[in-house]
Amino acid sequence: MKDILPQDTNLTVKTKQKISSFTILLTIEDLIEKGLFSEAEKNLMALLADEVVSDPEIKSKMRTAVFYLAKTLINEKKYEKAVRFLESLCADFKHNAEYFSLLGKSFNGAGDTKNAISILEEGCYRFQDNIELYCALFDAFDFDGKPLHAVNVLRKLTLSTNSPLAYRNALQKIISRKTDNADKNKIKFALLSNFTFDQIEIYLELECRLINIKPEFYKAGYDMYNQEMLDLYSGLYGFQPDIVLLAIHTRQFFSELYYELCEIETRKLWQLARDRFDTLDKSISFYANNSKATILINRFTLPTYSPFSINDLMEKNSQERVVNYLNKRLLSLCRKHGNKIKIVDTERTLSKVGKEFAADETKRTLAKVEIAARAMPFIARDYMRFVKAIKFKNRKCIVLDLDNTLWGGIVGEDGFENIKLGIEPPGNAYVEFQKLLKSYFSKGIILAINSKNNFDDAIEVIRDHPDMILREEHFACVKINWKSKVDNLLEIAEEINLNLDSFIFVDDNPAERKLIRDKLPEVLVPEMPKDPSGYTEVLNKLNDLDTLYLTEEDKKRGKMYMGEIKRKYLKESTQTLEEYLETLKMKAHIFQADKFTLPRITQLINKTNQFNLTTKRYSEGELRCLAEASSSDVYGLKVKDIFGDIGIVGVIINKKEDNCWYLDTFLMSCRVLGRKLEDFFLDYIIGQATKNGVREVWGRYIRTRKNSIVKSFYNDFGFSPAGTENDAKLYSIGVSDYEPKSMKFIEIDKI
Amino acid sequence: MTEKIIDLFSSVLDVKKEKITVETSMDDLPEWDSLAHISLVSAIEEEFKVSMSMDEITSMLSIKSAIEIISELSNN
């Protein structure tokens with residue numbers, strides 16, 4: 001090569017070397033183009049060994065050439081060669097996201113998924129906002145037959161970048177993956193808005209697919225919401241959505257607030273406000289009365305500027321007062337319709353991300369885009385709080401590490417007195433984190449401990465440390481030992497009887513987090529910051545811990561699970577099942593569903609999988625219709641025992657004909673399995689049938705992956721098989737043939 | 001860059017790459033409507049780290065004009 005250099009002696013040595021390097025680089029490019037990879041590689045390696053490479057300009061050109069060669073090799077499907085080439089590079093080239101991504105892709109191509117995953121995981125950890133790396137890691141997991149791991153990668157990508165580009169890439173990946181079983185769980189969204197809001201679709205689509213739900217969308221078009229809601233024959237009614245997103249922007253709804261506010265007379269202004277809201281109220285009410293959908297409407301947001309400027313708050317006709325008025329009306333509309341309408345607190349979301357950040361004046365002026373693409377991830381995640389709660393995809397239990405998670409330091413090494421917990425920083429950060437966790441406990445989230453420690457050291461802190469906020473009574477399950485955290489978590493899941501996808505695992509140690517992520521991908525493992533002052537923010541940002549409404553059961557749930565543990569101890573210390581059940585002193589009460597009990601019954605209908613004979617899901621609206629109709633009954637069963645009120649734990653839906661009752665739904669919560677409450681429940685129903693002169697009762701069993709526990713239920717009660725209907729096995733029994741089980745240990749509770 | 005832009009149009013509009021060339025204009029693709037136009041602009045702005053004015057947005061009516069506008073913006 002050297003002989004093609006100019007022989008001009010006036011050039012300095014350095015310049016000469018530079019020219020020589022450029023020339024070689026050109027040659028290399030040429031060789032790659034011609035497909036002579038080995039030649040190109042040899043030259044590149046020779047150049048890399050050369051000292052000239054210290055020049056930044058040449059270095060950057062060389063990086064381009066190196067990666068160009070690797071990319072070309074990958075495109076030519078020469079994966080093994082690409083791996084060998086990339087691995088032989090010097091360290092300089094390895095501190096680079098492109099290096100990780102290319103090496104990962106080469107391993108992927110060569111079928112070596114194990115190495116691909118390991119190199120890409122390292123890359124994603126180092127370059128947290130690199131979309132290409134995450135997408136390659138997704139591919140590696142997908143090839144490896146690990147769809148849950150793959151999806152978790154995309155979840156992390158969207159959370160750590162918040163970027164629309166990341167959402168689009170992730171969506172393409174998830175749609176193109178090999179294993180797609182989201183088809184079973186669908187949800188239908190209708191988008192109604194008074195501004196250009198259709199772009200929300202891809203964000204919601206991805207967020208739904210991340211939790212294995214396949215969404216369908218109906219977009220009504222800009223400003224069509226009144227017509228669509230008022231016309232029973234509109235596309236909206238035809239689509240029969242599960243969820244209506246009604247996005248109303250203050251500017252399009254009440255444009256006078258922005259510039260004309262100072263000119264309008266008081267009477268006219270308030271008349272306008274009343275009239276405008278009345279119109280909206282009528283449309284929403286009409287739609288709510290004629291559909292089963294849940295309507296999510298956003299709160300009216302305050303504009304960033306007022307025509308009254310600094311005097312706005314003092315004015316009788318202030319922007320603030322008008323917006324408040326609209327929001328009060330919205331709240332009473334929402335109350336009027338029970339749980340059918342939910343208010344999305346967009347004001348809070350937008351103030352969190354910043355209203356200026358969320359605005360795009362160019363696109364607003366051009367196309368009435370009130371919310372910029374960059375704010376969409378935040379808005380979509382907020383909607384998902386409701387979607388997850390509606391589809392019962394929310395998480396129910398937080399499993400916590402102790403050292404450096406609930407307090408600073410390591411109790412086994414630093415000692416009880418020296419751990420960091422109290423009013424002094426950094427101890428105050430841990431106190432605050434514990435306060436947040438306690439607030440979750442109070443609204444029904446279950447807490448548990450999974451810690452590697454000497455039991456005595458750690459439990460002493462929980463019991464006796466003066467600054468602990470959380471005490472033993474707040475934890476439904478405590479695992480403090482030296483076993484693997486995976487085993488402990490599995491035991492916790494077993495003991496409190498929840499599926500792994502109900503858990504969040506919080507640990508300051510990245511290795512433990514990785515272990516749980518690898519072994520138990522159903523568990524949500526948020527990335528924790530090194531600094532404990534950031535802990536509360538991590539949990540606050542999760543949109544997985546919400547319930548649609550706080551039922552009394554939810555508020556009690558944390559306590560109920562405590563009762564569950566005490567009941568377990570009792571189970572171990574007593575002898576026969578009957579004796580155990582007797583000591584529980586259960587009091588049961590059966591009732592017909594009403595508006596107070598429907599929310600909890602809806603929850604049970606939609607999330608009970610094990611003791612559920614037909615696993616039919618109904619919305620609250622459908623259940624209300626069933627409860628009100630004379631041709632059907634919706635029964636609930638409540639129970640109390642010595643440890644406390646367990647609440648509503650059983651549901652039967654009964655469809656009635658003259659001589660025959662058909663049990664359409666029969667389910668019991670997993671909290672009370674093995675307590676013979678189902679016997680009590682069935683006795684009661686058959687008793688009612690007898691009273692009503694019914695001759696036969698029919699039951700049905702539809703097999704699912706999770707309900708094998710009840711496959712012989714009707715057989716066991718003396719029902720005879722009576723054929724099949726689609727997926728269902730039918731059973732029937734003559735009422736006079738039924739033998740009631742007399743349940744001495746269950747008392748009938750008259751409430 | 002042409003390839004990157006065609007990729008981006010294909011992904012945002014959900015149209016096969018083969019259907020898009022430098023000569024393709026808004027009238028050729030039914031998927032490229034005014035709403036999709038806004039999504040395209042947002043995607044371009046993020047991908048190429050540029051910010052487009054109203055004039056630029058309204059005059060970007062073909063792949064060719066998109067390439068011109070983006071090159072101009074990235075060079076400044």
Checklist entry - Using θ = phi - 60° and the Karplus curve 6.51 cos²θ - 1.76 cosθ + 1.60, what whole-Hz ³J(HN,Hα) does each residue of the stretch A:137-149 get, with Gly and Pro shown as x? => result 5, 4, 4, 4, 5, 5, 4, 7, x, 10, x, 5, 4
Checklist entry - With each pseudo-label sitting 7 Å past Cα toward Cβ, what's the residue A:328-residue A:263 distance in nm, one decimal? => result 2.8 nm
Checklist outcome for this item: Binned at 10 Å starting from 0, the alpha-carbon pair-distance distribution of the stretch A:582-748 in whole percents comes out as 10, 40, 40, 10, 0
Next on the checklist: Apply the Karplus curve 6.51 cos²θ - 1.76 cosθ + 1.60, θ = phi - 60°, to the phi angles in the stretch A:153-165 and return the couplings in whole Hz, x for Gly and Pro.
Outcome noted: 4, 5, 4, 5, 4, 5, 5, 8, 9, 6, 10, x, 4
Checklist entry - Given H placed 1.01 Å from N in the peptide plane, which residues other than close sequence neighbours of residue A:188 have an amide H under 5 Å from its amide H? => result A:216, A:242, A:243
Checklist outcome for this item: Taking a crude spin-label model, label points 7 Å out from Cα along the C-beta direction, the residue A:518 to residue A:304 distance in nm is 4.7 nm
Checklist entry - How far apart, in nm, are two points set 7 Å out from the Cα along the Cα-to-Cβ line at residue A:673 and at residue A:464? => result 4.0 nm
Item to check | Over chain A, relative contact order from alpha-carbon pairs under 8 Å, at least 6 apart, % | outcome: 7 percent
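Write down the Å³ per residue value for the convex hull defined by the alpha carbon atoms of the protein assembly as shown.
On the way: hull volume 198.1 nm³, N = 827.
Dividing the Cα hull volume of the protein assembly as shown by its residues yields 240 Å³.
What order, most packed first, do the peptides B:4-13, A:522-531 have when packing is the mean number of other Cβ atoms within 10 Å of each residue?
Numbers: B:4-13: 18.4, A:522-531: 15.8.
Top to bottom by mean Cβ count within 10 Å: B:4-13, A:522-531.
Express in nm, to one decimal, how much length is gained between residue A:94 and residue A:22 on full extension, taking 0.36 nm for each residue of separation and deducting their alpha carbon distance.
Values: separation 72, 0.36 × 72 = 25.92 nm, distance 2.19 nm.
Residue separation times 0.36 nm, minus the Cα-Cα distance, leaves 23.7 nm.
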Checklist entry - So what's the gap between the Cα centers of the stretch A:240-258 and the stretch A:495-511, to the nearest angstrom? => result 39 Å
Item to check | Antiparallel DSSP beta bridges within chain A, percent to nearest 5 | outcome: 45 percent
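Could you grab the relative contact order for the stretch A:582-748? Cα pairs under 8 Å, six or more apart, rounded to a whole percent. Working shown, then result.
Working: 310 pairs, mean separation 41.5, N = 167.
Computed value for the stretch A:582-748: 25 percent relative contact order.
Per-residue mean of other chain beta-carbon atoms within 10 angstrom of the beta-carbon, peptide B:41-51? Present the calculation step by step, with values, prior to reporting the outcome.
Values: counts 7, 11, 4, 0, 8, 7, 3, 0, 0, 0, 2.
For peptide B:41-51, the averaged partner shielding equals 4.
Since every read-out is calculated from the coordinates, none of them should be taken as a lab result. This structure is a prediction, so every number in the text was calculated from the model and none was measured. Please note: Cβ atoms are built from the backbone with ideal geometry, for glycine as well, and neighbour counts cover all protein chains shown.
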